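Reading through the structure tokens given below for one structure.
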Amino acid sequence: MGEIAQLRSDGSLRHLLTLDGLPRPLLERLLERAAHWCRPLGAPAARGDALAGRTVAVMFAEPSTRTRVSFELAARRVGADVAIIEVQLSSRLKGESVLDTVATLEAMHVDAFVLRDADADVPDLVAAHVAPHVSVLSGGAGSRSHPTQGLLDAFTVLQRKGRIEGLRIAIVGDVRHSRVARSAWQAFAALGAGEIRLVAPPGLMPDAGEFAGCTRHGALEAGIEGCDAVMMLRIQKERMTAAAIPGEAAYFAEWGLTPERLRRAQPDALVMHPGPMNRGVEIASEVADGPQSVIRDQVRHGVAVRMAVLEAVLGAEGRR
Ligand code: CP
């Protein structure tokens with residue numbers, strides 16, 4: 001399968017499968033539009049009807065709370081109809097291929113598919129086969145990419161720090177198996193971060209050919225020293241052998257972000273985590289719930305970012 005073109009001939013976004021290679025102005029426009037949709041906690045959620053008459057299918061073959069609900073709310077809040085397909089309850093369990101399922105839903109006027117799959121190739125495969133007016137969005141593909149998570153991470157830093165340009169950002173923990181890390185790196189690098197550090201034990205560090213331009217650190221304290229943002233990652237037990245980490249307590253003892261360790265970062269450093277968190281494994285509860293944590297903001301921002309993305313792919317001029 002060749003590389004899928006994510007942009008239409010007029011430069012508008014058709015598919016969102018990866019942030020890799022997307023032009024900076026396009027990312028900036030999405031983040032600006034997300035700011036339009038973002039509201040403080042406690043305020044009524046923003047709503048629009050730009051996508052009235054459009055239909056979004058959310059089809060996840062891996063567990064999810066944040067991304068799935070966030071896409072559903074985002075689609076409804078920009079006026080689209082939404083179909084949720086529980087893969088475990090769908091005809092895929094009777095042997096129907098993912099492409100036949102997609103073709104079936106296309107016949108019901110689905111205009112966009114949001115897909116999560118352990119097989120990193122599935123969103124690209126679907127994008128290669130849908131009708132020209134249909135868009136495909138990745139909601140997380142294997143360990144390869146989670147583009148809307150990368151956008152919401154960038155949006156969160158931008159909201160809190162006012163810029164990404166020049167910032168020092170640490171991505172900590174199970175970088176090797178993390179689609180979140182790959183998409184966050186692509187977003188932060190495209191938007192001008194000053195330094196992106198990968199901080200991980202040897203077994204969880206990605207191969208040398210990956211994450212071009214990042215610096216690599218083998219100890220937590222030195223790795224987060226002076227950083228403006230510290231992004232902790234979940235241990236991806238589903239994607240590793242049991243031998244990759246020594247055990248949860250031992251991992252926390254060396255790699256858990258505690259209040260004492262956090263003092264090595266900037267005093268106003270943001271603490272980020274994509275969720276779901278393993279408290280007491282990669283992060284202490286005092287830090288996850290502490291004053292520097294923006295973890296709930298990340299979740300709130302996810303809806304605004306996904307509203308902007310859905311609007312971009314389905315509302316664009318020249319779509320049909
Ligand atoms: N961050 C993230 O992808 O969370 P979910 O697995 O709950 O969607």
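The values are calculated or read from the model by the stated rules, or taken from the named source; none is laboratory data. Please read these numbers as outputs of a predicted model, since none were measured by experiment. Here the Cβ is made from the backbone with ideal geometry for all residues, glycine too, and neighbour counts use every protein chain on show. Quick note on the areas: whole protein, heavy atoms, side chains included, nothing else; ligands and nucleic acids left out. Shrake-Rupley method; radii C 1.70, N 1.55, O 1.52, S 1.80 Å.
Scanning segment 24-43 for residues that are part of a loop (DSSP other than H, G, I, E, B) and surrounded by fewer than 12 Cβ atoms within 10 Å (Cβ to Cβ) gives PRO40, LEU41, GLY42, ALA43. Of the residues making up segment 273-317, those that are within 18 Å of ALA35 (Cβ to Cβ) and among the aliphatic types (A, V, I, L, M) are VAL294, VAL299, VAL303, ALA304, VAL305, MET307, ALA308, VAL309, LEU310, ALA312. The criterion of being away from the ligand (no atom under 16 Å from the Cβ) and within 30 Å of PHE188 (Cβ to Cβ) does not hold for VAL102. So, LEU99, is that one more than 29 Å from MET277 (Cα to Cα) and out of contact with any Lys or Arg (no Cβ under 7 Å at 6 or more places or on another chain) or not? Yes, satisfied. Looking at segment 77-99, is at least one residue open to solvent by 30 Å² or more (accessible area, probe 1.4 Å), away from the ligand (no atom under 16 Å from the Cβ), of a type in the set (Gly, Ala, Ser) and within 27 Å of GLY2 (Cβ to Cβ)? So far as segment 77-99 goes, yes, one or more of its residues are open to solvent by 30 Å² or more (accessible area, probe 1.4 Å), away from the ligand (no atom under 16 Å from the Cβ), of a type in the set (Gly, Ala, Ser) and within 27 Å of GLY2 (Cβ to Cβ). If we scan segment 69-81, do we find a residue that is in contact (Cβ under 8 Å) with a residue 60 or more places away in the chain and charged (D, E, K, R)? Yes; the residues of segment 69-81 include at least one that is in contact (Cβ under 8 Å) with a residue 60 or more places away in the chain and charged (D, E, K, R).
Looking only at residues in segment 174-188 that are in a loop (DSSP other than H, G, I, E, B) and away from the ligand (no atom under 14 Å from the Cβ), the one that is least open to solvent (accessible area, probe 1.4 Å) is VAL175. Look at LEU19 and say whether it is more than 16 Å from the ligand (Cβ to nearest atom) and not assigned by TED's automatic domain parsing to the domain that holds ALA75. For LEU19, the condition - more than 16 Å from the ligand (Cβ to nearest atom) and not assigned by TED's automatic domain parsing to the domain that holds ALA75 - is not met. Of everything listed in (1) on the phi > 0 side of the Ramachandran plot; (2) outside any loop (DSSP other than H, G, I, E, B), the single unmet condition for GLY21 is (2). If you check every pair at least six apart or on different chains, which have Cβ atoms under 6 Å apart with a residue in segment 174-195 that is more than 14 Å from SER138 (Cβ to Cβ) first and a residue that is among the basic types (Lys, Arg) and open to solvent by 20 Å² or more (accessible area, probe 1.4 Å) second? These pairs meet every condition: HIS177/ARG239; ALA190/ARG24; GLY194/ARG168; GLU195/ARG168. Restricted to strands (runs of 3 or more DSSP E) entirely inside segment 73-155, those with at least 3 residues that are of a type in the set (Gly, Ala, Ser) are 135-141. Across segment 156-172, which residue is farthest from ARG216 (Cα to Cα) among those that are in a strand (DSSP E or B) and either open to solvent by less than 40 Å² (accessible area, probe 1.4 Å) or not charged (D, E, K, R) (or both)? Looking at residues that are in a strand (DSSP E or B) and either open to solvent by less than 40 Å² (accessible area, probe 1.4 Å) or not charged (D, E, K, R) (or both), I get ILE169.
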